[in-house]
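*Asks:* The structure is given below, and queries will be raised subsequently.
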Amino acid sequence: MAMEIPPAEDIALEEDAVLREKIYHEAAAQFEKKFQFQPLPANTPLPPLDTLYSGPPYTVPALEEQKRRLNEVKNRLNDFEISDWHQHTRKRSSLLPILNELRYRIRAEFVTQAFAKLYECVSAYELIDGQQQELYSVHLCEAPGAFVTGLNHYIRLHCAPRTKWAWFACTLNPHYEGNCPGNMIPDDRFILHTLGSWCFGADGTGDIMVRENRDAIIKRSQRFPTVHLVTADGSIDCLNVPEEQEERVAKLHLAETVLALSVLSPGQHFVLKMFTLFEHSSVSLLFLLNHCFDELHVFKPCTSKPGNSEVYIVAKHYRQPNGIEQYLDQIYTNLQDEARAIFNRTTIPDTFLEQLRTCTTQFVQWQTDVIESNIRFYRTSDPLEDQRLALFKQTILEIFFTQYHITPIRNNHRIVHRAKVSEGLNINQKESRGTFNERTQLAAAADASVTETLRSLCDRLDHLTLTRQLFHPQATLNDPLQEGDPDNGFAPVQHRLFFAIGKPIERVKSSKFALITCIRLLNDTVDLVRRVVKEQEIPFPQGEPITVAGNTVTISIASYPSIADNIAQHEKQLFRTIVHTVLELIGQNYVDNLPVAAYDPIELVVQNWLPLTQVSVGLLYLLKQCVFEEVEQSSPTRLVFRRLRKSALTSLVGMHDAVLKAYTRASSLPGPAKSVLAIVPIKVLLCGSFQYALLNYNNALCLFYCARLLEELQRHLNVD
């Protein structure tokens, strides 16, 4: 009897069904990248306090083997051009369809990858009790703020309509110009709308590794009757040293944990971002958390980039064990101790290390599978793989929204419902170029000869000059300010002042008023000048940093290397000089107590003024809004203030007295040295065309500073 052959269409349908089922299981597995540690019995005491920091650092062979295995795969990426590689992995990632759905169909508030990851953590582990009438949360290392908007969306969908929720967050302050851009996220679009809910500590930096900032955050948390959830999403840019990521972020993760356990209420929950878990620092941290919580989970959300090492530690039901306060204080005191491990190796049971080995083995396998798959299809064309990938992305998208039940919320339930946060200006977005090996060679250029470094800086200057981005090219410094600006020149100066006091800015490392690339080039140029002066004893021309001739105040570019590490003092001196100069100009035009402004209009010229900080920009703003009616950028290096206002004298005196009083108050505060960080609200300075014009002016002047300093170096070194 002849065998009946099924029609080709039936075979195709059967194969398609098999493929779809296989892809469904692969997609569903992305939501199950989880591990749970065995809980310790209730009331298990902490190891004795005197065993903390009693032994040297150590390695665990089983974890070292996993580390070697992961690095072996990651090292295959060293010669891949990073922007090209990122474009390839983004194309293969299932994240973008989910984010697009959240943005355009759900229309959620301020959607980023962090929004989705937090939503997953809260949903997967039921971290919010929907029956609570009041909820309070604290968010550490939170910039740009999407954990907060993600949590808000969850609460509005899963809690009672009248549930009261209060939150506050801390992060490295994107407005503090002394913060290193590699350690912080400069995106302040959400922060600007919610400034009252952010705590940047006693010194204004937001650095939780500073004790007075830790104390300020703990004090702020005590306004809440309970803290139900603490999240910590901190990281440090380790792009050029990926193999050191775990060690580099270890102190930050420890500080986040100490702070979280200091503010969290008993029975509540903690979410902490970590990366690989191979080193003794991670072993100790997880061992501590295992003692402090009923449940300890490691979770890789499906919206976390599958090829990186990022995981979230989800710790549920805080036990607040006896003696934890002394424990936390001793750990915090020893944050910088790299010579000893937190817990002695003999304190940690082998059973715990075996659990950690199992955990890391599984997560390393998941990560290496993704990296190897991405390598396999890098710069190849495979229609079948493209078809499989499209189906895989669609399947993950469907599972995500089915599993987490995310639907739109009402506009008035958003945190910021009168503005679309995501449409704000976000300058200084991170960008990377070149292969890992090329970036390693570039980093090694710091040890290059003076001539090689000089040539490299000149090349960078040429590149930035040719590619410099202009923001709203038609904008001028004389354009009217918009929202947040009181009365367009008629409000008394006292109503415009707002003082922020904190750690004195030594060197400007970041700014909302210039691109990081320009600031970084200027700082590298300053470092080379100092190196040449020190190594070769070349007398570099300096002179007085600030000089006055008639109505012109000039800042010396040649002297910038000498003031670059004492910007706070320079700004105070510049403020005094400008105010006194204008007062003298007014005094010279007074006859019989009547202003002669009607006869001889007063102009103030400021040459080479590079206002990168809130204090400097605040002074420019006050001169423009309260003293003069017009400011013009008459050349790339020259600002001219014209048409004195009728209230100019009153404004100048009031401004002078209030600002100097703020400096005096700052210097008299107990504890580490303090200075004035701002003299008007930051939100006023970051709106309207004024902001764009200032960005363009500062970027160009930064490059002009670099050109002048490099030309002077070339002249001294006889280099073309």
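The values are calculated or read from the model by the stated rules, or taken from the named source; none is laboratory data. Note that the coordinates shown come from a computational prediction; the quantities given were computed from them, not determined experimentally. Reconstructed Cβ throughout: ideal geometry from the backbone, glycine too, with neighbour counts over all protein chains shown. Note: accessible area is taken over every heavy atom of the protein model, side chains too, but ligands, DNA and RNA are not part of it. Shrake-Rupley method; radii C 1.70, N 1.55, O 1.52, S 1.80 Å.
*Asks:* So, in region 100-115, how many residues would count as being part of a helix (DSSP H, G or I) and either among the basic types (Lys, Arg) or touching a Phe, Trp or Tyr at 6+ places or on another chain (Cβ under 8 Å) (or both)?
*Replies:* Residues of region 100-115 that are part of a helix (DSSP H, G or I), as a first pass: 100-105, 113-115.
This time we only want the ones that are either among the basic types (Lys, Arg) or touching a Phe, Trp or Tyr at 6+ places or on another chain (Cβ under 8 Å) (or both), so: 101-103, 105, 114-115.
Residues meeting the conditions: 6.
*Asks:* Still on this structure: So how many residues does region 612-622 have that are part of a loop (DSSP other than H, G, I, E, B) and under 18 Å from THR547 (Cβ atoms)?
*Replies:* As a first pass, look at region 612-622 and keep what is part of a loop (DSSP other than H, G, I, E, B): 612-613.
Applying the additional criterion that residues be under 18 Å from THR547 (Cβ atoms) yields none.
Number satisfying all stated conditions: 0.
*Asks:* Only one of VAL659, VAL680 is part of a loop (DSSP other than H, G, I, E, B), open to solvent by less than 10 Å² (accessible area, probe 1.4 Å), in contact (Cβ under 8 Å) with a residue 60 or more places away in the chain and among the aliphatic types (A, V, I, L, M). Can you tell me which? I'd like the intermediate steps shown before the answer.
*Replies:* Working: VAL659 fails: part of a loop (DSSP other than H, G, I, E, B).
Sole residue among the options that is part of a loop (DSSP other than H, G, I, E, B), open to solvent by less than 10 Å² (accessible area, probe 1.4 Å), in contact (Cβ under 8 Å) with a residue 60 or more places away in the chain and among the aliphatic types (A, V, I, L, M): VAL680.
*Asks:* Could you list, in sequence order, all residues of region 25-45 that are exposed (fewer than 14 other Cβ atoms within 10 Å of the Cβ) and either at positive phi or of a type in the set (A, V, I, L, M) (or both)?
*Replies:* Correct list: ALA29, ALA42, ASN43.
*Asks:* Could I ask something else about it? Quick test for you: out of ASP79, ASP84, pick the one residue that is assigned to a loop (DSSP other than H, G, I, E, B) and not β-branched (Val, Ile, Thr). Break it down stepwise before answering.
*Replies:* Numbers: ASP84 fails: assigned to a loop (DSSP other than H, G, I, E, B).
Answer to the check: ASP79.
*Asks:* Any residue in region 362-378 that is outside any helix (DSSP H, G or I) and farther than 30 Å from ASN290 by Cβ? Before you say what the answer is, go through the steps one by one.
*Replies:* Of the residues in region 362-378, the ones outside any helix (DSSP H, G or I) are 377-378.
Right, trim to farther than 30 Å from ASN290 by Cβ and you get 377-378.
For region 362-378, residues outside any helix (DSSP H, G or I) and farther than 30 Å from ASN290 by Cβ: present.
*Asks:* Also: Of the residues in region 66-103, how many are in contact with a Ser or Thr (Cβ under 9 Å, 6 or more places away or on another chain) and farther than 30 Å from ILE23 by Cβ?
*Replies:* If we filter region 66-103 for residues that are in contact with a Ser or Thr (Cβ under 9 Å, 6 or more places away or on another chain), which is where we start, we get 66-67, 69-70, 72-74, 77-83, 85-86, 92, 94-95, 98-99, 103.
Next, only the ones that are farther than 30 Å from ILE23 by Cβ stay: 67, 78-79, 81.
Residues in region 66-103 being in contact with a Ser or Thr (Cβ under 9 Å, 6 or more places away or on another chain) and farther than 30 Å from ILE23 by Cβ: 4 in total.
*Asks:* Could you tell me which residue of region 479-511 is modelled with the lowest pLDDT, considering only residues that are polar (S, T, N, Q) and assigned to a helix (DSSP H, G or I)? Walk me through it before giving the result.
*Replies:* Restricting attention to region 479-511, the residues satisfying the condition of being polar (S, T, N, Q) are 482, 488, 494, 510-511.
So of that shortlist, the ones also assigned to a helix (DSSP H, G or I) come out as 488, 494.
Working: ASN488: 50, GLN494: 82.
If we take residues in region 479-511 being polar (S, T, N, Q) and assigned to a helix (DSSP H, G or I), then ASN488 is modelled with the lowest pLDDT.
*Asks:* Taking region 135-147 as the search range and keeping residues that are in contact with a strand residue (DSSP E or B) (Cβ under 6 Å, 6 or more places away or on another chain) and open to solvent by less than 10 Å² (accessible area, probe 1.4 Å), which one is farthest from ASP237 (Cα to Cα)?
*Replies:* Of all residues in region 135-147, those in contact with a strand residue (DSSP E or B) (Cβ under 6 Å, 6 or more places away or on another chain) come to 135-142, 147.
Subsequent filtering for residues that are open to solvent by less than 10 Å² (accessible area, probe 1.4 Å) retains 135, 137-140, 142, 147.
Numbers: LEU135: 33, SER137: 26, VAL138: 24, HIS139: 20, LEU140: 17, GLU142: 15, PHE147: 19 Å.
By that ranking, first place goes to LEU135.
*Asks:* Continuing with this model, one more query. (1) under 30 Å from TYR318 (Cα atoms); (2) assigned to a loop (DSSP other than H, G, I, E, B); (3) out of contact with any Gly (no Cβ under 7 Å at 6 or more places or on another chain): which one isn't true of SER54, the others all being true?
*Replies:* (2)
*Asks:* Given region 226-312, what strands (runs of 3 or more DSSP E) lie entirely inside it while holding 1 or more residues that are surrounded by fewer than 21 Cβ atoms within 10 Å (Cβ to Cβ) and not basic (Lys, Arg)?
*Replies:* On the way: elements: 229-232, 269-274, 293-299.
In region 226-312, 293-299 are the strands (runs of 3 or more DSSP E) which contain 1 or more residues that are surrounded by fewer than 21 Cβ atoms within 10 Å (Cβ to Cβ) and not basic (Lys, Arg).
*Asks:* What is the number of the single condition among (1) part of a helix (DSSP H, G or I); (2) of a type in the set (Ser, Thr, Tyr); (3) open to solvent by less than 60 Å² (accessible area, probe 1.4 Å) that THR664 does not meet?
*Replies:* (3)
For every residue, the table says whether it meets (1) surrounded by 13 or more Cβ atoms within 10 Å (Cβ to Cβ); (2) touching a Pro at 6+ places or on another chain (Cβ under 8 Å); (3) assigned by the TED database to the domain that holds TYR119.
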site	(1), (2), (3)
THR395	yes, no, yes
ILE399	yes, no, yes
HIS413	yes, no, no
VAL416	yes, no, no
GLY424	yes, no, no
ILE427	yes, yes, no
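*Asks:* I would also like to ask the following. Can you report the number of residues in region 28-77 which are touching a residue at least 40 places away in the same chain (Cβ under 8 Å) and of a type in the set (Asp, Glu)?
*Replies:* Count: 1.
*Asks:* Among the residues in region 489-506, are any without any contact (Cβ under 8 Å) to a residue 12 or more places away in the chain and open to solvent by less than 30 Å² (accessible area, probe 1.4 Å)? Spell out the reasoning first.
*Replies:* First, pick out the residues of region 489-506 that are without any contact (Cβ under 8 Å) to a residue 12 or more places away in the chain: 490-491, 495.
Checking the rest, the ones that are also open to solvent by less than 30 Å² (accessible area, probe 1.4 Å) come to 491.
Yes, that holds for at least one residue.
*Asks:* Condition check: under 26 Å from ALA419 (Cα atoms) and in contact (Cβ under 8 Å) with a residue 60 or more places away in the chain. Does LEU127 satisfy that?
*Replies:* Working: under 26 Å from ALA419 (Cα atoms): no; in contact (Cβ under 8 Å) with a residue 60 or more places away in the chain: yes.
Here the answer is no, as LEU127 does not meet what is asked.
*Asks:* Still on this structure, I have one more. Would you check if GLU354 is out of contact with any Gly (no Cβ under 6 Å at 6 or more places or on another chain), assigned to a helix (DSSP H, G or I) and closer than 25 Å to LYS22 by Cα? Write out each step before concluding.
*Replies:* On the way: out of contact with any Gly (no Cβ under 6 Å at 6 or more places or on another chain): yes; assigned to a helix (DSSP H, G or I): yes; closer than 25 Å to LYS22 by Cα: no.
It is false that GLU354 is out of contact with any Gly (no Cβ under 6 Å at 6 or more places or on another chain), assigned to a helix (DSSP H, G or I) and closer than 25 Å to LYS22 by Cα.
*Asks:* Mind listing whichever residues of region 683-720 are without any contact (Cβ under 8 Å) to a residue 24 or more places away in the chain and not in a loop (DSSP other than H, G, I, E, B)?
*Replies:* Initial filter on region 683-720 (without any contact (Cβ under 8 Å) to a residue 24 or more places away in the chain): 711, 715, 718, 720.
Hits for region 683-720 are GLU711, ARG715.
*Asks:* Just one of (1) in a loop (DSSP other than H, G, I, E, B); (2) modelled with pLDDT of 95 or more trips up GLU120, so point out which.
*Replies:* Only one criterion is unmet by GLU120, namely (1).
*Asks:* Can you tell me which of (1) at pLDDT 90 or above; (2) closer than 29 Å to ASP386 by Cα; (3) under 36 Å from the mean Cα position of the chain (by Cα) is the one TYR24 doesn't meet?
*Replies:* Answer for TYR24: the failing condition is (3).
*Asks:* Restricting attention to region 201-213, which residues are hydrophobic (A, V, I, L, M, F, W, C) and surrounded by fewer than 24 Cβ atoms within 10 Å (Cβ to Cβ)? Please lay out each step first, then the result.
*Replies:* Step one: of region 201-213, the residues hydrophobic (A, V, I, L, M, F, W, C) are 202, 208-210.
Of everything in region 201-213, those that are hydrophobic (A, V, I, L, M, F, W, C) and surrounded by fewer than 24 Cβ atoms within 10 Å (Cβ to Cβ) turn out to be ALA202, MET209, VAL210.
*Asks:* Also, quick follow-up: Among residues belonging to region 74-87 that are surrounded by fewer than 16 Cβ atoms within 10 Å (Cβ to Cβ) and more than 23 Å from the chain's Cα centre (by Cα), point out the one that is farthest from PRO301 (Cα to Cα).
*Replies:* To start, the set of residues in region 74-87 that are surrounded by fewer than 16 Cβ atoms within 10 Å (Cβ to Cβ) comprises 75-76, 78-79, 81, 83-84, 86-87.
Checking the rest, the ones that are also more than 23 Å from the chain's Cα centre (by Cα) come to 75-76, 78-79, 81, 84.
On the way: ASN75: 24, ARG76: 25, ASN78: 26, ASP79: 29, GLU81: 27, ASP84: 25 Å.
Here the answer is ASP79.
*Asks:* Something else about it: Across region 111-126, what is the number of residues that are open to solvent by 10 Å² or more (accessible area, probe 1.4 Å) and among the hydrophobic types (A, V, I, L, M, F, W, C)? Walk me through how you get there before you give the answer.
*Replies:* Quick first cut of region 111-126, residues open to solvent by 10 Å² or more (accessible area, probe 1.4 Å) only: 111-114, 117, 123-126.
In the following step, the residues that additionally are among the hydrophobic types (A, V, I, L, M, F, W, C) were identified as 111, 114, 124.
Result for region 111-126: 3.
*Asks:* Pull out all pairs, ordered by first then second residue, where Cβ-Cβ is under 8 Å, the residues are six or more apart or on different chains, the first lies in region 378-402 and is over 9 Å from SER94 (Cβ atoms) and free of Cβ contacts under 8 Å to residues at least 60 places away in the same chain, and the second is hydrophobic (A, V, I, L, M, F, W, C) and surrounded by 11 or more Cβ atoms within 10 Å (Cβ to Cβ).
*Replies:* GLU385/PHE377
*Asks:* Spot the failing condition for LEU13; the list is (1) open to solvent by 60 Å² or more (accessible area, probe 1.4 Å); (2) outside any loop (DSSP other than H, G, I, E, B); (3) at pLDDT 85 or above; (4) of a type in the set (A, V, I, L, M, F, W, C), and only one is missed.
*Replies:* If we test LEU13 against (1) open to solvent by 60 Å² or more (accessible area, probe 1.4 Å); (2) outside any loop (DSSP other than H, G, I, E, B); (3) at pLDDT 85 or above; (4) of a type in the set (A, V, I, L, M, F, W, C), just (3) comes out false.
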